[in-house]
Amino acid sequence: MALRTGELGVISRADRVKVFGIECTGPVGDGIVFRGGEWSPGGEYIQKLTVKNVTTELKKLKYRLPTSRYFSMAYPELIVLSPGMEVVVDVVFRPVLEEVYDETIFFKVQDGPHSGGFHVPVRALLPTLQISAPPALDMGFVQIDTTTSRTFTLRNTGQVPAPFRWVVPPPFSLSPAQGVIPVGGTAKITCSIAPTDTAALVSNACVHVGEGANAIKPAPLLQLKLTCIAKFCHVAPSVARVEFGRVLVGAAGDAEVLREVVLRNDSVVPAEFKLTRLETDCAPVFDLSPSAGTILPEDEVTVAVRFTPLSAGTYTADHYRLITVGGNTLTLTVTGWACGPHVWITKAIDPAAAAAADQAAAAAAAAQTVPDSVNFRDVEVGGASTRVVTLSNAAAAPCRFSVAVPHRNSSVFKAQLTLCFSPPSPSNYYRRFFILLEGQLPLVLDCMGTGYIPARGEIREQRPAPLRHAHVQAFRNRAEAGLGRLSPEELDAMVDGGMAPPLAAAAAARPLSRSGDCARAQACVAREYFKGTDVFVAAHAHAHSAASQTDDDNTVAAAGREITASCAVMDFGYVSDGDADSRTVVLTNHTSGKVRVVFATAGGGQGGGFSVEPGEGDIAPGGSAAFAVRFAPRAENMYYLHEIEACVFFKNQRTFRLVRDATLTPPWCVTVTAVGHTFDGPQFIPQCTLSTSHVSRGQHRQRLEFPACHVGDSVYQTIRISNSGNIPAMFRFELPMDDAEAPPFQVKPSVGLLAAGELQLIALKFTPPVTGRFEAMLTCVLNNSDATTEEVLLIGRGAIPALSIGPPPANPAQPQQQQRQRDLYLKPTCVGLMSQRAVVLRNSSRVPVVYSAQLPGESAGVFSLVPACGSILGNDCAELTLGFAPRAVRDYRLRLPIEVRAIGGQPPDLTDARQLGATPPAPVVETLHVTVHATAGGAAIAFDPAELDFGVSLVKTPQEKVRPNPDPNLKPNPKPNPTLTLNMIVKDMQMSLKDVHTIAGTGFCTARNVKDGFDWCPLL
């Protein structure tokens, strides 16, 4: 059937293709459109109309010119289009007036089943001002208290620039709120909202188009529907506490120093989170990454927690606040203990024990030997004897060690030390060597031996009494008891009176120090290492090098020392080759007996050059003797460092005939370090560095943080100085001093000489006089030049045990004050039931505390407390569970005292773990009080009536008695119980409901508790 033009008119492009199979398109779409702004009267404008056959059949058609003379085309010819072919026709527009032109081109389709015709529009439009915007914008779920933004596009579909202005009701906002869109351009509009409460929000935003512009405005006002649903976010961590346990300082394996915490967002909105560290009193050792971010809805983020242990012996407990904008705030606790390597000393079986005929006796003798004591026994003067001890390291990383004798350094897993004893004179010799370890407290090695001269011809025998370790231990015990200065005659008198102290003390394990950084047995060894060397003298030795070495300020006479020297370091400074300089050292005898002094120069250095005159002498009881130390260098441009060793012993102990074995006193070894150089001009440029595995680098300098220390105790650390050059280097440490107060920091050794490629460990000590933070700059002067220095900032914290009630403060910028009293309320509890509540105790100090809480006697059977005592490490928390089981209906009020102590009392001044001595109990530092308020309630349920009597019933015949439902919230129980016996204590009376026969639908229940067909709501 043919379609005529009058019947069709202008049909849509899709209908035209569907009916006729012809597609007519121009440059801007269907038909020909001369847009506004693209033409003006008097001109001639041409557009091309493309006619295409989109069917599979041959098409023949002709067009008819527009009726208006303003549009013209070529003479119409028959157009034959094969399938898929097209033809282009020019349409010429010659306007004479500025007005809208609207015409059509009629195409006649000839032949075929779809013969007929259709109109194609031909238009010329005037310029218009209009924009297009989406009708609606749904922002979906948005988070409370968070600004959520979405972006949409405004497009200028007119022919002139389009100004616009938005009018938006709150809480929505649009940015930019106004502007101008160029012709054919777009503007990105951002819609933002920050809701403050949960709600479904709907608003209509209006945009005013073309205000103040003179143009055609088809749509001067457009509306945009804005919608969103505000929701709270909820973020929960997978764990609330991350514990690393003990981690070796310097460990780098992920299995040891890396943990993961999963943050889960269970809400339907994105959750922004931030992890903030609450503590600011010390440098952080935990790193949380990422510390802030956004978690997508119903998604999770993995937070990597990395532990970098810095100071060995430090227990760190830090709290991180997990903050979300919706108010969901949680606390994540991260703990870790930085520990050093476990190094111990072993030695071979003593030759005397190995030579025993009985192997069992040899094994028993070996078991009784002290591993850190080496006895060379009797060695002839002029001869030599050697022993080997082994250092073993159980850690997975190497441990550097340094023997406190020059040129004895190494860095291995297992090392053998060869000890050589060569006595210069017939006497007993004893010296305690200290082995410094990196990241651990020092070890001690006792070396002893006896030099003798056998009888040969006219030479008479000279043999002292053999020295054993039992004598050394017995003397240390006497010194601890205040008897270390007794003369041999006084000791003999004690033996004759039956008052002699034991020769040895059994080894016993020691608990932790009050600071919790190490065992007391380890701390006493480090304490002894610093005895006899005054840090004030060490720091000012260079300044006093030209002064007399007998000044009172330069005297080393620590309390409890029997033999003291006037100086520990003797700096000769520059002495030219061939010249000599002399200094004086004064030894003082604080004992009650006459002593003999024998000097020997020992230690390392270059070329020697030091001597002592006289080489030996006697000192009367309570007297002093001066000895001249002479420095005569033998080479130019060299550094010299010697350790002058003095062996001091009671004079009657030269022969075994004058000594009792029970009162034999080991000799004292007094050392003085002598240094000097022969550089007349500039000295070598050193290549030395200070470093250690637990030094964290700042922006410009290194820093070393000590573990928190209990006031009155001491903590220790080590640093390493290395000489990477090919020439020797001299070092000297300096600390700022205050003449009015004892220095909190000490360093040993304060001077030293490093050979090329050598390293040495330096021990540091921190003793806080009061609570608070202490800082000092440790300066290492290299090669006697202030221009070549290395600096380390030392940081220490003195603390005493302190306990507070409650969790850590929520705001790190404004920490809560310590709560010593607090009221605790328990929920009302029915008589016969029990309720519980947790009490959080927080150690607000960095040292461990011990707490104990005791319930008053009248609360027995009503209140319970678990645990009643315990310990809390630094900055950590513990929970006490308080139980309440009332026996009568009344109000209870309980005052619960909590006593706080340190983990031990003032430690005795011990020098090793084998000494006698007990630690006094720790005094109570403070007492906290918790006032407990609790209310006991009455019955929670009652039956009315109390008894139901069914009378005589036929067997297997059901009966029922239905009580009216007094509570509309009760619902029938769908699971009946044929027989129920219920016993309940109500108001101190026992009421029973026996042999109640029910059928389905006769019981009543609530949605909370269902049991045996009868249900109730207990008051909890």
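The values are calculated or read from the model by the stated rules, or taken from the named source; none is laboratory data. Fair warning: this is a prediction, and the values are worked out from it, not measured in the lab. Glycine gets a Cβ as well: all are built from the backbone with ideal geometry, and neighbour counts include every protein chain shown. The accessibility values were calculated without ligands, DNA or RNA, using every heavy atom of the protein model including side chains. Shrake-Rupley method; radii C 1.70, N 1.55, O 1.52, S 1.80 Å.
A few comments on the model shown:
- Within-12-Å neighbourhood charge of residue 839 [Cβ basis; K, R +1; D, E -1]: +1
- Peptides 334-345, 17-28 ordered by average Cβ neighbours within 10 Å, highest first: 334-345, 17-28
- Between residue 15 and residue 888, the simple spin-label model (points 7 angstrom out along Cα→Cβ) gives 9.8 nm.
- Estimated FRET transfer efficiency when R0 is 41 angstrom, pair residue 298-residue 221 (beta carbons, to 0.05): 0.50
- For region 84-207: Kirkwood Rh in Å [reciprocal of mean 1/r, alpha carbons]: 19.1 Å
- Within the accessible area of region 745-894 (1.4 Å probe), percent carbon and sulfur: 51 percent
- Going by accessible surface with a 1.4 Å probe and the largest first, 774, 627 read 774, 627.
- Remark on residue 55: its backbone amide H falls under 5 Å from those of 84, a criterion applied only to residues 5 or more positions apart or on other chains, H modelled at 1.01 Å from N.
- Note on residue 956: aspartates and glutamates with a C-alpha under 17 Å away, same-chain residues under 8 apart excluded, are 995.
- Greater than 31 Å apart at Cα, pairs in 52/225; 48/188; 188/231; 347/531: 52/225; 48/188
- Ligands, DNA and RNA are left out, and with a 1.4 angstrom probe the accessible area of region 131-231 is 49 Å² per residue.
- Between residue 582 and residue 236, full extension at 0.36 nm per residue minus the direct alpha carbon distance yields a gain of 117.1 nm.
- In this rough spin-label picture, where each label sits 7 Å from Cα along the Cβ direction, the residue 149-residue 630 distance is 8.7 nm.
- Extension reserve of the residue 186-residue 616 stretch, reckoned as 0.36 nm per residue once the Cα distance is removed: 144.5 nm
- Share of carbon and sulfur in the accessible area of region 28-163 stands at 52%, probe radius 1.4 Å.
- For residue 588, the accessible surface of its heavy atoms amounts to roughly 30 Å² (probe 1.4 Å, protein chains only, rounded to the nearest 10).
- Scalar couplings 3J(HN,Hα) for region 585-593, obtained by applying the Karplus form with A = 6.51, B = -1.76, C = 1.60 to θ = phi - 60°, are 10, 10, 9, 10, 9, 9, 8, 9, x Hz; x denotes Gly and Pro.
- Backbone HN-Hα couplings from phi across region 944-959 [Karplus 6.51/-1.76/1.60, Hz, Gly and Pro as x]: 9, x, 6, 9, 10, 10, 8, x, 8, 10, 6, 4, 6, 10, x, 9
- Charge sum, other residues only, whose C-beta stays under 10 Å from residue 16's C-beta, Lys/Arg counted +1 and Asp/Glu -1: -1
- Straight-distance candidates among the aspartates and glutamates for linking to residue 59, with alpha-carbon spacing under 16 Å and chain neighbours fewer than 8 residues away dropped: 23, 77, 86, 111.
- Cα-only Debye scattering, region 7-124: base-10 log of I(q)/I(0) at q = 0.12, 0.20, 0.21, 0.23 Å⁻¹: -0.42, -1.07, -1.16, -1.36
- What the Cβ-Cβ distance of residue 742 and residue 490 gives, at R0 = 45 Å and to the nearest 0.05, is a FRET efficiency of 0.85.
- Region 239-339, accessible surface, carbon-and-sulfur percent (1.4 angstrom probe): 52 percent
- You can think of it this way: the chain between residue 418 and residue 835 has 143.3 nm of extra reach, that is 0.36 nm per residue less the Cα-Cα gap.
- Legend: calculated FRET efficiency, residue 386 to residue 866, from the Cβ-Cβ distance at R0 = 60 Å, rounded to 0.05, equals 0.50.
- Local electrostatic count, residue 313, Cβ distance below 14 Å [Lys/Arg +1, Asp/Glu -1]: +2
- If only the Cβ of Lys and Arg carry +1 and only the Cβ of Asp and Glu carry -1, the dipole of region 239-339 around its Cα centre is close to 240 debye.
- The largest-to-smallest principal axis extents of the Cα set in region 221-350 are 104, 28, 23 Å.
- The phi torsions of region 185-202, fed into the Karplus equation with coefficients 6.51, -1.76 and 1.60 and a -60° offset, translate into couplings of x, 9, 9, 7, 10, 9, 9, 10, 8, 10, x, 10, 8, 6, 5, 9, 9, 9 Hz, rounded to whole numbers, with Gly and Pro shown as x.
- Heavy-atom accessible area per residue - region 7-124, 1.4 Å, Å²: 51 Å²
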